[in-house]
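**Q** One structure, as structure tokens, below. Some questions next.
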Amino acid sequence: MNPPVRVLYLAGSGRSGSTLVTTVLGQYDGVFAAGELRYLWQRGEVENRPCGCGRPLRDCPLWGEVRRELPTDRAAAIAAGLRGRLRMRGLPALLRRHRRGVRPVPAHPDDAALADLYAAVARHTGARVVVDSSKLPPYGALVGALPGIELRVLHLVRDPRATAFSWRRRRGLDGDADPELMSRPPVGKAALLWLVWNTVTVRLWADRAPAGYLRVRYEDLTAEPEATLRRIAAFAGVDPAGGPFTGPATVRLTPTHSVAGNPSRHRTGPVPITADVQWRRDLSRRSYALVTALTVPGLRRFGYPWRRGGPAAASPAGSGSSVAVGSGRSAQVRQPASAGHEEG
Ligand SMILES: [Zn+2]
């Protein structure tokens with residue numbers, strides 16, 4: 001029997017820094033930054049979209065080895081099956097099963113292929129930790145129930161006004177030249193999705209298995225990048241020595257082989273880690289009010305102020321640093337293209 005594959009699952013809402021965290025973690029020894037593995041079957045296998053290394057996925061030598069062990073001829077059916085099993089309308093039933101202590105996502109014949117995927121990734125990369133930034137909580141629950149998986153959940157949270165602003169940006173799915181855009185939900189929908197995914201993440205893991213759960217806020221991550229990544233590495237069981245930091249807030253990135261995710265995953269070379277706070281200047285008053293009203297329970301839980309320019313967001317007890325980013329406006333505002341890790 002092989003030892004279980006440790007999966008660090010990045011959970012929560014989109015546009016919270018998961019692509020940055022995945023790419024940075026992928027630079028440590030013994031870690032493989034797999035990206036959003038729930039999209040491997042559709043965007044990777046069926047659509048042959050670029051791997052993090054820049055090659056179309058089916059031309060990437062690393063994924064070539066992994067793919068040989070998978071039922072790639074059934075990729076489209078597996079992708080469709082996943083979409084069906086992870087639908088939003090299944091959430092109430094998923095939470096009921098979780099409360100009763102049974103598998104939140106019922107078993108399915110495709111689970112063998114999914115378990116094989118994680119085992120093959122670990123075997124061919126030699127990684128002790130596989131980082132999966134799929135984010136969607138139901139998929140994380142599904143992965144955690146697969147045989148041979150040891151799940152640790154990193155819950156990334158960001159101010160919902162920032163994520164709603166970020167979702168509205170026009171971005172190609174695989175970079176600026178890609179005519180297919182990343183989804184752009186209206187701010188009200190983005191706010192509700194933020195509340196749902198973050199609440200479900202807490203219900204699934206923070207309440208039940210606190211030892212396998214770590215919550216990190218984007219604002220704390222960007223205020224103290226190196227210290228925060230050290231905490232994340234320790235949580236994942238990764239030796240923090242030899243990481244990519246060349247300064248407290250600068251990393252040197254080499255290409256990863258991540259599947260799907262924000263286009264910023266293709267960035268390499270020296271990259272400064274700073275907070276993207278353009279939303280503080282450019283999110284309209286009306287949108288701010290709408291997102292705030294819709295996310296009130298989450299604002300309180302995760303320590304974000306209601307009022308614009310209100311008191312600095314304080315970290316909830318036990319989550320470490322409490323430095324807020326960008327309270328002075330223009331000095332820290334960056335243009336969207338400059339940092340490239342404003343989301344993910
Ligand atoms: Zn690759």
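No lab work stands behind these numbers, since they all come straight from the coordinates. Given the structure is predicted, the values throughout are model-derived calculations rather than measurements. FYI the Cβ positions are ideal-geometry reconstructions off the backbone, even for glycines, and counts take in every protein chain you see.
**Q** With only Lys, Arg, Asp and Glu charged, each at its Cβ (+1 for the first two, -1 for the last two), find how big the charge dipole of the range 5-339 is about the Cα centre; round to the nearest 20 debye.
**A** So the dipole magnitude of the range 5-339 works out to roughly 1500 debye.
**Q** Considering the options Leu229, Met88, Cys53, tell which one lies farthest towards the positive end of the dipole of the chain, charges being +1 on Lys and Arg and -1 on Asp and Glu at the Cβ, about the Cα centre.
**A** Met88
**Q** Among bridges DSSP assigns within the chain, what percent are antiparallel (round to 5)?
**A** If I count the DSSP bridges inside the chain, around 30 percent turn out antiparallel.
**Q** Next question, about the same structure. Taking springs between alpha-carbon atoms closer than 10 angstrom, which of Ala223, Ala113, Ala190 fluctuates most in the Gaussian network model of the chain?
**A** Evaluated over the chain, the most mobile residue of the options is Ala113.
**Q** Please report the equivalent ellipsoid semi-axes of the range 172-306, computed as sqrt(5 x eigenvalue) of the Cα gyration tensor, largest first, in whole Å.
**A** Working from the Cα gyration tensor, I get semi-axes of 27, 23, 16 Å.
**Q** Anyone know which of Asp276, Asp111, Asp59 comes out most mobile in the 10 Å Cα GNM of the chain?
**A** So, out of Asp276, Asp111, Asp59, the one fluctuating most is Asp59.
**Q** Once you've got the GNM for the chain with C-alpha springs shorter than 10 Å, pick whichever of Arg203, Arg285, Arg58 has the biggest mean-square fluctuation.
**A** Comparing Arg203, Arg285, Arg58 in a Gaussian network model of the chain, the most mobile one is Arg285.
**Q** Continuing with this model, one more query. Where does the chain land at 222 nm, in deg cm²/dmol rounded to the nearest 500, when only DSSP H runs of n ≥ 4 count, each adding -39500 (n - 2.57), divided by all residues?
**A** Only helices count here, giving -10500 deg cm²/dmol.
**Q** Separate question: Would the range 62-185 count as rounded, prolate or oblate if I go by the C-alpha gyration tensor, calling it rounded below 1.5 in a/c and otherwise prolate when a/b exceeds b/c, oblate otherwise?
**A** In terms of gyration-tensor shape, oblate.
**Q** Sticking with this one: Rounded, prolate or oblate: which fits the range 1-86, taking a ≥ b ≥ c as square roots of the Cα gyration tensor eigenvalues, rounded meaning a/c under 1.5, else prolate when a/b beats b/c?
**A** Rounded, because the longest to shortest axis ratio a/c is under 1.5.
**Q** Additional query: Using the Kirkwood formula over every pair of different C-alpha atoms, what hydrodynamic radius in Å results for the chain?
**A** After inverting the mean inverse Cα-Cα distance, the result is 20.2 Å.
**Q** If the only charges are +1 at each Lys and Arg Cβ and -1 at each Asp and Glu Cβ, what is the size of the charge dipole of the range 184-279 around the Cα centre, to the nearest 20 debye?
**A** 320 debye
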